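The values are calculated or read from the model by the stated rules, or taken from the named source; none is laboratory data. Model, not experiment: these values are computed from the prediction. Note that we place each Cβ from the backbone using ideal geometry, even for glycine, and neighbour counts take in every protein chain shown.
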Amino acid sequence: MVEPFSRSFKGLIIWCILLYMIQCSLATSNKTGRHFHKWEVAYMYWSPDGVENVVMGINGQFPGPTIRARAGDIVHVQLTNKLHTEGVVIHWHGIRQKGTPWADGTASISQCVINPGETFDYRFTVDRAGTYFYHGHYGMQRSAGLYGALIVDVAEGEKEPFHYDGEFDLLLSDWWHQSVHHQEVGLSSKPMRWIGEPQALLVNGRGQYGCSMAAHYGNSSLSQCNITGNEQWAPYILHVDPNKTYRIRIASTTALASLNLAIGRYLIDRKQKVIDKSWREWGEVGVKLFIFCRMVMIPHPPSSKILDACPLSYDFGSSPLP
């Protein structure tokens, strides 16, 4: 009689332990955010710098959609390859992939490429807050435009170590008019054939080629860009308020170029005339933020900077104020 009772008692204890573990798991699951994204990767026509070309986009968007989550959340991306003749993978730059090495997106190392017409599910935990980005990791697909931002905020209930009133996410990239196949063949040739400097530098997928945003202020041989603001290549404009502090999240998604980023202060009236470098005449003028404080941006790693904003409207050139 003692032995069956002992077995039953042990069984009851095991069941209690299992139920407790399930409850703990459910409690943790309830606190963990889950973010599902359904993506299709395909080539499409686009004008990143005013010259129509073929880019690689996600769901008809270039750059790709921004993913935003909190530390500890689970990101689930269901990716379908709509390319007709190429495989594809996505690498989540800076994400440690603890326990999910198969989601790292390194072709032929941690996963096989996703063949045309196939679907692959990326599931991983973003365990640390910060500024990250994702990009194609097969051939030169990042250079073709397959990239986007991945922002991880601090965990629920935690606070940032510094205060700011708003933030902007900037993706810096290089852009060539020749196809990525020209780049790939040139780089792998012996001797190597350098494709040359990029035709444009893009900020959030936008740049200008063959014209200058600051032609009125220098001896540029290029003409002033004629932009209405609705073009795909129109400067990316950030609007800020006086006496506010803004966080600028920066990621360099360049394929071959090393960039300098600088921030400068200038007052410009609506006729595009530089007034001075003071802020006393605010109220009658707008302000442009030019790239001016020396900071070298190379393809690794992403960073985050804090900008104490004087009253300004922001863009990366001298286009008319909105």
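Tabulated data
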{"read-out": "Inter-residue pairs, beta-carbon under 6 Å, first on the phi < 0 side of the Ramachandran plot and in the range 97-126, second assigned to a helix (DSSP H, G or I) and among the small types (Gly, Ala, Ser), 6+ apart", "value": "Tyr122/Ala103; Phe124/Ala103"}
{"read-out": "Residue in the range 51-58 that is at pLDDT below 95, assigned to a loop (DSSP other than H, G, I, E, B) and farther than 30 Å from Ser223 by Cα present", "value": "no"}
{"read-out": "Condition met for Ser252 (more than 16 Å from Asp49 (Cα to Cα), buried (at least 16 other Cβ atoms within 10 Å of the Cβ) and either at pLDDT 80 or above or in contact with a Cys (Cβ under 8 Å, 6 or more places away or on another chain) (or both))", "value": "yes"}
{"read-out": "Residue list for the range 161-176, filter: in contact with a strand residue (DSSP E or B) (Cβ under 6 Å, 6 or more places away or on another chain), at pLDDT 90 or above and assigned to a loop (DSSP other than H, G, I, E, B)", "value": "none"}
{"read-out": "Search result, residues across the range 131-160 that are of a type in the set (A, V, I, L, M) and assigned to a loop (DSSP other than H, G, I, E, B)", "value": "Met140, Ala144, Leu146, Val154, Ala155"}
{"read-out": "Any hit, the range 105-112, residues being outside the structural domain of Val180 (by TED's automatic domain parsing), touching a helix residue (DSSP H, G or I) at 6+ places or on another chain (Cβ under 8 Å), among the polar types (S, T, N, Q) and not in a strand (DSSP E or B)", "value": "yes"}
{"read-out": "Residue match in the range 97-104 (condition: under 23 Å from Ser173 (Cα atoms), in the same structural domain as Gly130 (by TED's automatic domain parsing) and over 16 Å from the mean Cα position of the chain (by Cα))", "value": "yes"}
